[in-house]
Amino acid sequence: MLLPPRVITLSDLTEEYWKSADFTELSTSSQTIYKGSLKALLYSYSREAAVKFKRESLDRAVYEVGSRYSAGRVRQLKAAYRRFAEWALREREVPLPPLSRGKSGRPALRVEKPPNEVIDAVVLLLDTMPWRELTQG
């Protein structure tokens, strides 16, 4: 009986990476940080096929961790991912998307302009409100 080829998920790929010489040659503390970083970054996508992991998913994952962690922790996450992606391409020939270049620190939220009706209502409210109501006193 012929079985279909097994699809390598990101979880499978990270497990293999953690057993590789590239990873085991790191210090114990670096291993702990990198392992936790990859788990945090790829948590939502761990069961996704590695070859289907696209840049949009990576950008979303970086945005999600950026909203939860400090800028220093996000740098650790990105460093761990870069090292992992390089290994995956070199050793397994699995191309993972590169990280987007952007400003350091937490990513800015994309703010959309509210509908004109909302703007008009706020302007009307501010126009009819006595100016002293807006003081902090």
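Amide H contacts for T9 (H built 1.01 Å from N in the peptide plane; partners 5 or more residues away or on another chain; cut-off under 5 Å): A50. Quote the FRET efficiency, to the nearest 0.05, computed for E25 versus Y63 with a Förster distance R0 of 41 Å and r equal to the Cβ-Cβ distance. It comes out at approximately 0.85.
Using a probe radius of 1.4 angstrom, the carbon and sulfur fraction of the accessible surface of the chain is 55%. The alpha-carbon atoms of the chain define a convex hull whose volume equals 185 cubic angstrom per residue.
Accessible surface area normalised per residue over the chain is 74 Å², counting heavy atoms of protein chains with a 1.4 Å rolling probe.
The R92 and S46 beta-carbon pair, evaluated with R₀ = 25 Å, returns a calculated FRET efficiency of approximately 0.95. The length gained on full extension between L3 and E56, counted as 0.36 nm times the residue separation minus their Cα-Cα distance, comes to 15.9 nm.
The values are calculated or read from the model by the stated rules, or taken from the named source; none is laboratory data. Computed from a predicted model, the values in this text were never measured in an experiment. FYI the Cβ positions are ideal-geometry reconstructions off the backbone, even for glycines, and counts take in every protein chain you see. Just the protein is used for accessible areas: all its heavy atoms, side chains included, with ligands, DNA and RNA removed. Shrake-Rupley method; radii C 1.70, N 1.55, O 1.52, S 1.80 Å.
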